[in-house]
Amino acid sequence: MINLNELQLPNAYEVNHYFASTNLTLYPFNVFFFNQLEEVTFKDIAIFYGNNGSGKTTLLKVINDKLQNIDKSYYNDAIYLENGTKLYPFKDFTNKCKIKIDMVKPTFIKYIRSQDIFNYLNDSIELDSLYLLDEPENCLSPQLQLKLVDLILEAVRYYSCQFIIATHSSLILSLHNDLIYDLDSSPVITKNFEELTNVKIYYEFFMKHKDKFK
């Protein structure tokens, strides 16, 4: 089930206006302005892929905040302007974002960081839920990453869950029927698993050493 349909980020006019009003180029406004990302649509499984600093985790936090009405301005230290005004850029950015959800909001929304992901999904999956997974590969061996892939596919099929994932992992990127946003592209585009730089690097590495596997 697709609970979250779309995320709209501040457009170029809104970002330029914010830059002009503060005389600063602030995170996270600068991250998606330069790679021209203004809209993200979702499927049962959507993945944010990119190098460190590309905005993968930022997007997960924005989605989590918007869906659960959480005020997490502490993601940024306050910025003080010369006139004494105090800004919280992350909060300002999140407030300018818009989400479109299905007619029925997910029954359960869970943001899970890497160290908790496998155990949580193995024991506590909820029906009709939205899961935001932040770099699940960080604490998982390749074997457990593959088991996680199976758990995700089963949760989508049998529990009508939706997953939005930030990852570098080629194993997790191989999820069947996923929608992958390459945040390293400018403008950001969706790509197939085999088109991604990380996947190509692993392929070329193993092809270079293929004689060792005979």
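Couple of notes before you dig in:
- Highest average first, the peptides 127-139, 176-188 ordered by how many other beta carbon atoms sit within 10 Å of their residues are 127-139, 176-188.
- Here the simple spin-label model places points 7 Å from the Cα toward Cβ, and for residue 213 and residue 116 these points are separated by 3.6 nm.
- Chain lengthening between residue 139 and residue 190 when straightened (0.36 nm per residue, less Cα-Cα): 15.7 nm
- Summing +1 for each Lys or Arg and -1 for each Asp or Glu among the other residues whose beta-carbon sits under 12 angstrom from that of residue 46 gives -1.
- Computed on the Cα trace of region 140-214, the radius of gyration divided by the Kirkwood hydrodynamic radius gives Rg/Rh = 1.03.
- Based on DSSP H segments of at least four residues, each scored -39500 (n - 2.57), the chain has a per-residue ellipticity at 222 nm of -11000 deg cm²/dmol.
- Gain on full extension, evaluated as 0.36 nm per residue between residue 12 and residue 24 minus their Cα-Cα distance, stands at 2.8 nm.
- Applying 1/(1 + (r/R0)^6) with R0 = 30 Å to the Cβ-Cβ distance of residue 201 and residue 96 gives a FRET efficiency near 0.25.
- Isotropically averaged projected area of region 105-162, using the convex hull of Cα atoms (one quarter of hull area), nm²: 3.5
- Rounded to the nearest whole angstrom, the semi-axes of the ellipsoid equivalent to region 87-214, taken from the Cα gyration tensor as √(5λ), stand at 29, 21, 14, largest first.
- Beta bridges by DSSP in the chain, antiparallel share as percent, to the nearest 5: 40
- Where only C-alpha atoms are counted, convex hull volume of region 14-73 per residue in Å³: 111
- Cα Rg over Rh - the chain, Kirkwood: 1.01
Bear in mind that the values in this text are calculations on the coordinates, not laboratory data. None of the values given here were measured: they were computed from a predicted structure. When we count neighbours, we look across all protein chains shown, and the Cβ atoms used for this are built from the backbone with ideal geometry, even at glycine.
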